[in-house]
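Report on the following structure.
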Amino acid sequence: MITAAQKDAQRNRNTIFVEAGEVLSHDAYPGNQYIMRIRAPKCAAAARAGTFVHITCDEELPMRRPLSIMRAVDDWIEVLYKIVGEGLHLLARKRTGDTVSLLGPIGQPFCLHEDRPTALLIGGGVGIPPIVYLADVMRRHDNEWRSLAILGSEIPFPFDLQKSALPVAGIDKNTTSTMPLLESWDVPARLTSLQGYDGCHEGYVTDLAEQWLQGLDATELSDVEIFACGPTPMLKAVADLAARYDLPCHVSLEEFMACAVGGCAGCVVKINTTDGPAMKRVCVDGPVFDASTVIW
């Protein structure tokens with residue numbers, strides 16, 4: 001009999017690659033944030049919104065670091081990261097033309113559902129990349145889905161703020177700032193922060209999300225599905241918001257990872273399953289989970 005662990009191993013077989021990626025660009029932003037574009041054809045071809053790569057930051061540092069994929073186009077991927085320790089400090093030294101070792105793409109992605117054609121995309125801090133990736137996927141589906149992105153940060157955003165020309169009904173008209181990339185894709189987006197940034201909502205992402213949800217009627221609400229990535233307190237607040245409005249919600253969890261391929265079980269979280277509470281690995285069982293199943 002094949003065990004559950006063996007089924008998990010088979011599910012991930014031939015889907016994760018080791019690649020020597022070439023750094024195509026590496027741009028610095030305020031707040032010790034960086035966006036790196038890496039040529040990695042195998043990873044780019046297999047990547048999905050919500051998956052991540054485990055990257056070697058330096059040849060003399062054995063432990064890799066997990067970074068969410070923000071874009072996967074043609075033969076390259078992009079990652080956004082903030083320096084929080086020695087590893088990413090070393091990664092920030094990489095220059096165009098350097099090589100970085102990638103293990104990926106890893107993890108269970110976000111899944112869109114045809115019966116919920118309106119997606120509320122919520123990203124906080126370094127949880128923004130999977131949300132951008134999902135917005136990119138949706139806009140390529142010939143208007144099959146509609147989306148609104150709400151992005152929050154308590155440090156400067158890793159892009160220049162732009163006043164949006166895309167109206168969003170139900171949101172305070174003074175909240176005008178958006179992400180230029182999403183604007184160029186015709187994806188409505190609004191920004192939130194407690195730092196007083198120009199054109200941003202003064203508050204949390206959930207405050208602005210609820211403001212928008214309150215403007216929808218019952219029929220419009222029945223079309224909505226929420227997708228979120230960010231720090232755990234934010235995700236719990238998003239899960240609570242979804243529960244109040246009886247909306248399906250999928251969250252991409254953040255946890256410390258060692259191996260990132262399910263071997264060490266160092267990134268487990270408690271999840272409600274049909275068989276009762278169980279410990280699930282964020283790296284390969286997630287990082288995306290149904291928010292209603294997460295035991296916060």
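Only the coordinates and a few stated rules stand behind these numbers; no lab work does. Not measured: the values here are computed from a predicted model. All Cβ positions, even for glycine, are placed from backbone atoms using ideal geometry, and neighbour counts span all protein chains on display.
With each label point set 7 Å from Cα along the Cα-Cβ vector, what nm distance links Asp98 and Glu60? Distance between the two pseudo-spin positions: 1.3 nm.
Checking the Cα-Cα distances for Lys42/Lys163; Lys42/Lys94; Lys82/Lys236 against a 26 Å cut-off, the pairs over it are Lys42/Lys163.
Considering only Ala119, Cys57, Cys43, the residue lying farthest towards the positive end of the dipole of the range 11-122 is Ala119, judged by Cα position with unit charges set on Cβ.
Only sites in a loop by DSSP and with at most 14 other Cβ atoms within 10 Å count here; which GluC sites (Glu not before Pro) in the range 76-127 make the cut?
Passing both the DSSP loop test and the Cβ count: Glu114.
Taking the Cα centre of the range 118-253 as origin and assigning +1 to Lys and Arg Cβ atoms and -1 to Asp and Glu Cβ atoms, the resulting dipole is close to 180 debye. Rounded to the nearest 20, the size of the Cβ-charge dipole of the chain about its Cα centre is 720 debye, with Lys and Arg at +1 and Asp and Glu at -1.
The residues neighbouring Lys163, those whose beta-carbon lies less than 10 Å from its own, together hold a net charge of -2 under the Lys/Arg +1, Asp/Glu -1 convention.
Along the axis of the charge dipole computed for the chain (Cβ charges of +1 for Lys and Arg, -1 for Asp and Glu, origin at the Cα centre), the listed residues His250, Ala92, Ala228 are led at the positive end by Ala92.
Taking every Cα-Cα distance in the range 118-253 and sorting them into 10 Å bins from zero, the calculated P(r) comes out as 13, 48, 36, 3 percent.
Between the residues Cys200, Pro158, Gln214, the greatest Cα displacement towards the positive end of the dipole of the range 118-253, with unit charges on the Cβ of Lys, Arg, Asp and Glu, is found for Pro158. Comparing Arg64, Arg244, Arg116 in a Gaussian network model of the chain (Cα springs below 10 Å), the most mobile by mean-square fluctuation is Arg244.
In terms of the mean number of neighbouring beta-carbon atoms within 10 Å, the peptides 288-295, 98-105 order highest first as 98-105, 288-295.
When +1 charges are put on Lys and Arg Cβ atoms and -1 charges on Asp and Glu Cβ atoms, the dipole computed for the range 15-106 relative to its Cα centre reaches about 240 debye. Among Pro277, Pro66, Pro41, the largest mean-square fluctuation in a Gaussian network model of the chain (Cα springs under 10 Å) belongs to Pro277. Diffusion coefficient (Stokes-Einstein, Kirkwood radius over C-alpha pairs, 37 °C, 0.692 mPa s) for the chain: 168 µm²/s, rounded to a whole number.
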